[in-house]
Amino acid sequence: MITRSHWKTVLGTLFTALMLFPVYWMVNVSLTPTGDLRRSDPNWFPTDPTFEGYDAALSQQLPALGTSLGIGLGCVALTVVIAAPAGYALAVLNLRGGRTLNFLLLVAQMIPAVVMAMGFYAIYVRLGLLNTVWGLIVADSTIAVPFGVLLYTTFMAGIPKDLVHAARIDGAGPWRTFTRVVLPVSRNSTLTVALFAFLWAWSDFIFASTLNRSGEFVPITLGIYQYIGNNTTQWNAIMATAVVASLPAAILLVVAQRYVAAGVTAGAVKD
Amino acid sequence: MRHRKPLARPAAAGLTAAALALAAACSSDGGSGDAETYTWWDPYPQHTDDSAWAERVDACGEEAGVTIDRTASDTTDLTNQALLAAQEGTSPDIILLDNPAVSTLADTGMLTTVDELGLDVTGVDENLLAAGVVDDAAYGIPVGANTLAIYYNAEILEAAGVDPASITDWDTLTAALAQVTGNGDKGMTFAAIGTEEGSFQFLPWFWGAGADLRDLDSPEAVAALELWTGWLESGYAPNSVITNSQNTTWEEFLTGEFGFALNGTWQVNSAAEADFATGVIQIPAREGGIAPAPTGGEFLIAPVQADAERYDITRQIVECMTTPEGFVETATTFAYYVPPTAEGQEALLEAEPELEPWVTAVREAKGRTSDNLGTDYPKISEALWTAVQHALSGSATPAEALQQAQADAEAALG
Amino acid sequence: MTTTSVDPAGRASDGGAAGPGPAAPARDGRRRRNPAGAARRWTAIGFAAPLLAYLAVFYAYPLWRNIELSLHDYTVRAFVQGDPAFAGFEKYAEVFTSNAFGPALVNTALFTLVSIAFQYAIGLALAVFFHANFRLSGVLRALFLVPWLLPLIVSSSTWAWMLNSDHGIINSVIEAFGGTQINWLTSPDTALTAVIIANIWLGVPFNLVILYAGLQQIPAEVYEAASIDGATAPQRFWRITFPLLRSVSAITLLLGFVYTLKVVDVIWIMTTGGPGDASLTLAVWSYREAFGTGQPDFSPAAAIGNLLILIALVFGFVHLRMQRTWERS
């Protein structure tokens, strides 16, 4: 038994290493001096490392990182606030025309991001939301909300009806059933939706570049463009920024995964 | 049993609405209508708020008695941002725009002419001003111009026994490449990527053969493309040129493995700091002489504003940026923009005499949208870089590719 | 049993015979009679209200705008001035008869189908692998999501770097093993393959997360019963796991399809759709028309965008059909 588990760990590590090789390469490039970047015989290790990329990233990009974090968390909150009740309505309360709504949500996800961004520009100019962090939070949530509703609906539909009926018998109204029974049981979904919403908001570029160009607080995806000049690009600074940006989020991911893996056993969703 | 349900259901909806309202109240969008603030957009995000460039811009604003609110964007994005803003009526007061895009914006009616602005452009070199001229009206003034030339690795050339001064036309250039590769090094690298940068790098050869942008399939044009495909086939240029941007080309040159690189004024400082000695030669025309290279560099343009009173201050800001001293400062900030006026060029040469080959190149250069090509140029350019891509990747012969390009361009221009 | 509930609008209503229940069947396939009738309906609408408002403002408007863009001739001048000529279906005709349409359509089909096939297969294999919960499986699974954290410009550029014909690490490795240099990004034969590989890499985390969550929903008792019956591992997978994952798989594949249809950044940064049109997909073509040249061509771009939405819609209907069939069975 123990050897079997070790063997799997080794294999797992191998797969992960393979998957993360491009990320390793990114780190490699971030430490490579400009003159060696395009050598026809690339170095596997940065034999002559330069830290100027990290200097630039750490001294200039930290505010942008903070902004990205704020936008990510805001987006998570907004997405959950909109998607969870909607999922509840569709799955448990049997909303009339739920099928249609589901389908509309699917259609909503088919609209290319560029189309959305251009449409939003007009709306935002009129609402005065251009170049604001809140504007970006709302825009980024449009990426996650349809997916969130889909996920919540699927999940909540699997909640045993007895659970809901038990609450009802106890005299709880729909709202209380939602907050006291359904939401806690759907913790897995909430965490998954939060994860997706955060990651999508974190890596968004199109909305940021169209809607928050001149703002005081720009997210990291725009901050990186500082290193892309008219005809020149500072690759080690860009890669260094990406590394610096990914590290805290990666740690967050590892911690969150452990929490999700702990699972919700009592009253867990059963098929 | 009855339970009072808290009004929490509308709360979520209310939360969203409240958020939006809060955001609207706190929005920090600097209005382009405020008499004390003038908005300025430029494509230099690498020059942050504490850079010398930003300080200069601020200083010009102060001189005119206003504060300047500056936003820097990626250059490809800038045109679209400008269009979106014009559509909504929120155009900034001044934009620094890449010169081939000026005629596109001018055509929409969103720009003021220099006459409307009251700006005097008589001192500006014709060939440089022409890029922003549409139907005999000038729509802006160049902030400086840069262009292309051939950098060489002095050590590699010496080792191969090549004298840079002997490269005077295409034959001698190809012979030099053969010598360099024969000696074990790599020949030349350039950018043939499927974007405007690719056309930019191809044009000196195109024009140097005597071809015209209205006739993409002329024998001269085919000869130019055959020059490039010939180099690739003989191994004088690497296959990766097809995806190379100008920046990548330069990074390849810096490895010290290449004898030549086609690149621009903006790398002068980097060349000086390279691990090996470098030099510059002009791009030769097919039968000798200097090939006209396309001009890069931005124009200072002023979008139309609802309040025409603003033009006076706008003009003052522009004039402040375009004095001869101003031009030299711009030149050095952007390593290097050659000033577009004779006065400015002389001032620059006084300060930096080693820029002489570049000043010469700029004097021989040509705007891409000149010859009244204006808004036709982008369509022709797209067809041209596509043809280059097809020919270099081997999916069509140069003649076929250019024939297709001419057909596409004619169809696109209607 | 009668229940009285107060709905958000503050109206109290009697339970009991307050009208017919909602028509939509519940997920378990049986028709439900809802005793609280109208009140229930309003409650449900109340919960879904934020979403409905959200959809109307943020999706309906851009969609309408896109349709409007495609039905008029939006030259750059018309875009700014706001006075485009009505063009009907002319722009669509232009798109269909263009040289690039055929290649773009074929490339889109190849790119999408191959990408999701591999993303799904690899994602599923990894999900099953990690389901065994060995040491470090949580950490490793989390690390698999790191590609997602990277801005697309970084991950796409890194792939372009690695696949470069002359100084890329992948060609280095191939040559070290005695192979010949492959011009990944510059040859019309391999450009599409190169971007597909990068896209598969980008899509595996998404599939992994969802399929893993789906796997976790399968109760352990089912597996226990199977092993008592003497089922081998492959049998367990194909007879039990795979069928039970059916609806999760379907939604994963559908979403994967929709998301892959929209992919622009990866291809744009690696090859700009080139060389020529070798790796041009419909989405990249749309982007190129609008933003890739010096002269933005918004109308054809919008037309191509709408075409993409239509294609996705067709597959959405297929999915709906399949779902209905499964629920009846």
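General remarks:
- Remark: relative contact order (chain B) = 24 percent; criterion is Cα-Cα distance under 8 angstrom and separation of 6 or more residues.
- Computed over the alpha-carbon atoms, the stretch A:112-271 gives an Rg to Rh ratio of 1.10, Rh here being the Kirkwood radius from the mean inverse distance.
- Ranked by the mean number of other Cβ atoms within 10 Å of their residues, highest first, the peptides C:82-90, A:174-182 come out as A:174-182, C:82-90.
- Cα-centred dipole magnitude for the stretch C:209-299, charges only on beta-carbon of K, R (+1) and D, E (-1), debye, nearest 20: 140 debye
- Ranked for footprinting exposure by Cβ neighbours inside 10 Å, fewest first, C:PHE177, C:PHE298, A:PHE205 give C:PHE177, A:PHE205, C:PHE298.
- Sorted on the mean count of surrounding Cβ atoms within 10 Å across their residues, most packed first, peptides B:196-204, B:71-79 read B:196-204, B:71-79.
- Partner shielding of C:180-190 amounts to 4, given as the average count of beta-carbon atoms from other chains within 10 Å of each residue beta-carbon.
- Inter-label distance, nm, simple model (7 Å from Cα along the C-beta direction), B:ALA159/B:ASP312: 6.6 nm
- Dipole of the protein assembly as shown, positive end: most advanced residue of C:ALA213, B:MET110, A:PHE51 [Cβ charges, Cα centre]: C:ALA213
- Residues considered: C:ALA303, C:ALA312, C:ALA48. Largest GNM mean-square fluctuation over chain C, using C-alpha springs under 10 Å, is found at C:ALA48.
- Mean partner shielding of peptide C:235-244, defined as the number of other chain Cβ atoms within 10 Å of each residue Cβ, is 0.
- For the protein assembly as shown, the residue among A:VAL29, C:GLY178, A:SER68 whose Cα projects farthest onto the positive side of the dipole built from Cβ charges is A:SER68.
- Placing unit charges on the Cβ atoms of the charged side chains and taking the dipole of the protein assembly as shown about its Cα centre, the candidate lying farthest along the positive direction among C:LEU126, C:LEU320, B:GLN46 is C:LEU320.
- Cα-based Kirkwood hydrodynamic radius, chain A, one decimal, Å: 21.5 Å
- Per-residue ellipticity at 222 nm from helix content only, as computed over chain C with -39500 (n - 2.57) for each DSSP H run of at least four residues, stands at -19500 deg cm²/dmol.
- Normalised Debye scattering of the protein assembly as shown at q = 0.07, 0.09, 0.10 Å⁻¹ gives log10 I(q)/I(0) of -0.65, -1.03, -1.24, counting only Cα atoms as equal scatterers and leaving out solvent.
- Computed about its Cα centre, the charge dipole of the protein assembly as shown is approximately 9800 debye, with only Lys, Arg, Asp and Glu carrying charge at their Cβ.
- Annotation: peptides A:11-18, B:381-388, A:69-76, ranked by per-residue average of other Cβ atoms within 10 Å with the highest first, follow the order B:381-388, A:69-76, A:11-18.
- Mean projection of the Cα convex hull over all viewing directions, computed for chain B: 27.6 nm².
- Using the rule -39500 (n - 2.57) for each DSSP H run of four or more residues, divided by the residues of chain A, the 222 nm mean residue ellipticity is -22000 deg cm²/dmol.
- Phi angles across the stretch A:49-57 convert, under the Karplus curve 6.51 cos²θ - 1.76 cosθ + 1.60 with θ = phi - 60°, into 3J(HN,Hα) values of x, 10, 9, 5, x, 5, 3, 4, 4 Hz, Gly and Pro given as x.
- Residue-averaged 222 nm ellipticity for chain B, from DSSP H runs of 4+ at -39500 (n - 2.57), nearest 500: -14500 deg cm²/dmol
- For residues of A:206-214, the mean tally of beta carbons on other chains within 10 Å: 4
Laboratory data are not the source of any read-out in this text; all were calculated from the coordinates shown. Please read all numbers here as calculations on a predicted model, not as lab measurements. Cβ atoms come from the backbone with ideal geometry, glycine included; neighbour counts cover every protein chain shown.
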